[in-house]
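Reading through the structure tokens given below for one structure.
Derivation of every value follows stated rules applied to the coordinates shown; laboratory data play no part. What you see is a predicted model, and the numbers here were worked out from it, not measured in a lab. Here the Cβ positions follow ideal geometry from the backbone for every residue, glycine too, while neighbour counts run over all protein chains shown.
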């Protein structure tokens, strides 16, 4: 019913603070993943009538909403962050490999190797 609020909360934080992150962390990748999760979950809940477009928006009470946020929203957010960390790690690895190869090519062309 409200599991999309968890990735939305982190999405708001990372979107507002995105200029504080170094460029190499590709925070926009995380934002895209989080906002995609929010949209996907919100559309799914809207299609099943679990949320409405008019107040109070949520059709369930607080007692039902909180467990779902912990059961679905938190894991989805955690796995999105883990996926982003993996993407950044692979990107950093590939860039470092490219730098090593480029450096080696330059050294060869200069006759150092």
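Can you work out the FRET efficiency for the pair residue 74 and residue 52, with r the C-beta to C-beta distance and R0 = 22 Å, to the nearest 0.05?
So the FRET efficiency works out to roughly 0.40.
Kindly express, to the nearest 10 degrees and within the range 0 to 90, the angle between helix 27-47's C-alpha long axis and the longest C-alpha principal axis of the chain.
30
What's the FRET efficiency of residue 101 with residue 63 using the Cβ-Cβ distance as r and R₀ = 41 Å, to the nearest 0.05?
0.10
In degrees, nearest 10, range 0 to 90: what is the angle between the Cα axis of helix 5-16 and the longest Cα principal axis of the chain?
Roughly 50 degrees, rounded to the nearest 10.
At a Förster radius of 30 Å, what calculated FRET efficiency corresponds to the Cβ-Cβ distance of residue 18 and residue 94, to the nearest 0.05?
Calculated value: 0.85.
If each residue's Cβ is checked for other Cβ atoms within 10 Å, how do 99, 19 rank with the fewest at the top?
Ordered from fewest to most neighbouring Cβ atoms within 10 Å, 99, 19 come out as 19, 99.
Roughly speaking, what is the centre-to-centre gap between the range 1-73 and the range 81-102 when only Cα atoms are used, to the nearest Å?
The distance from the Cα centre of the range 1-73 to that of the range 81-102 comes to 27 Å.
For the chain, with a Gaussian network of springs between Cα atoms less than 10 Å apart, report the residue from 103, 80, 91 with the top mean-square fluctuation.
Highest fluctuation among the options: 103.
Taking springs between alpha-carbon atoms closer than 10 angstrom, which of 95, 30, 41 fluctuates most in the Gaussian network model of the chain?
95
Among 76, 33, 20, which one moves the most in a GNM of the chain with springs linking Cα atoms closer than 10 Å?
Of the options given, 20 has the highest mean-square fluctuation.
First check a/c for the range 57-113, with a ≥ b ≥ c the square roots of the eigenvalues of its C-alpha gyration tensor; if it is under 1.5, answer rounded, and if not, answer prolate when a/b is larger than b/c or oblate otherwise.
prolate
Given an 8 Å cut-off on Cα distances and at least 6 residues of separation, report the relative contact order of the chain as a percent.
It comes to 38 percent, rounded to a whole number.
Bin all alpha-carbon pair distances of the chain at 10 Å intervals from 0 and give each bin's fraction as a whole percent.
Answer for the chain: a P(r) of 13, 32, 23, 15, 9, 5, 3, 0 percent.
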